[in-house]
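Each remark here refers to the structure printed beneath this line.
The values are calculated or read from the model by the stated rules, or taken from the named source; none is laboratory data. A quick note: this is a predicted structure, and the numbers were derived from the prediction, not measured. Because the Cβ atoms are built from the backbone with ideal geometry, glycine has one as well, and the counts that use them run over all protein chains shown. Ligands, DNA and RNA are stripped out before the accessible areas are found, and what is left, the full protein with its side chains, is counted by its heavy atoms. Shrake-Rupley method; radii C 1.70, N 1.55, O 1.52, S 1.80 Å.
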Amino acid sequence: MDIRELFGVDVEKTTKGAWIELGGGVAILAKRADDNNTAYQLARAKVLADPEIARKIQLNLMPTPELNAIDARLLADHVILDWRGVTLNGQEVPFSKEKLMEVFSLKGFG
């Protein structure tokens, strides 16, 4: 089998995202959170360049909830683009970055 078929990167999916089935009828449209996503990498570098954040991480003093909040914001701003099948109290929830942040803040997500 062609090695690119096994390990290659679909450039279109890298820039536009790909649908990922999470189960239970829920799917997210997401870009990669790696070097192929320049906006994500630049935003992450900017956050980690903050002297206070860098010091806390280096000394292993960053509380998990703070790290989760940083990751959630980066994912909401640069990785997760849409969702389908998300409901709350039986009602379909339209995607927005704000709604995604609300979901991330639900008990069990952070």
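Some points to look at:
- Heavy-atom accessible area, probed at 1.4 angstrom with all protein chains present, ranks Val103, Val11 as Val11, Val103, highest first.
- Carbon-plus-sulfur accessible fraction, the chain (probe radius 1.4 Å, protein heavy atoms only): 56%.
- Taking every C-alpha pair closer than 8 Å and separated by at least 6 residues, the mean separation divided by the residue count of the chain gives a relative contact order of 25 percent.
- Placing a label point 7 Å from the Cα of Asp77 along the Cα-to-Cβ direction, the residues of the stretch 17-57 whose backbone N falls under 13 Å from that point are 39-50.
- Comparing Gly90, Gly17, Gly25 in a Gaussian network model of the chain (Cα springs below 10 Å), the most mobile by mean-square fluctuation is Gly90.
- Per residue, the chain exposes 73 Å² of accessible surface when a 1.4 Å probe is rolled over the protein heavy atoms with every protein chain present.
- Each Lys and Arg Cβ is given +1 and each Asp and Glu Cβ -1; about its Cα centre, the chain then shows a dipole of about 240 debye.
- Hits among lysines - C-alpha to C-alpha of Lys13 under 21 Å, sequence gap 8 or more where chains match: Lys31, Lys97
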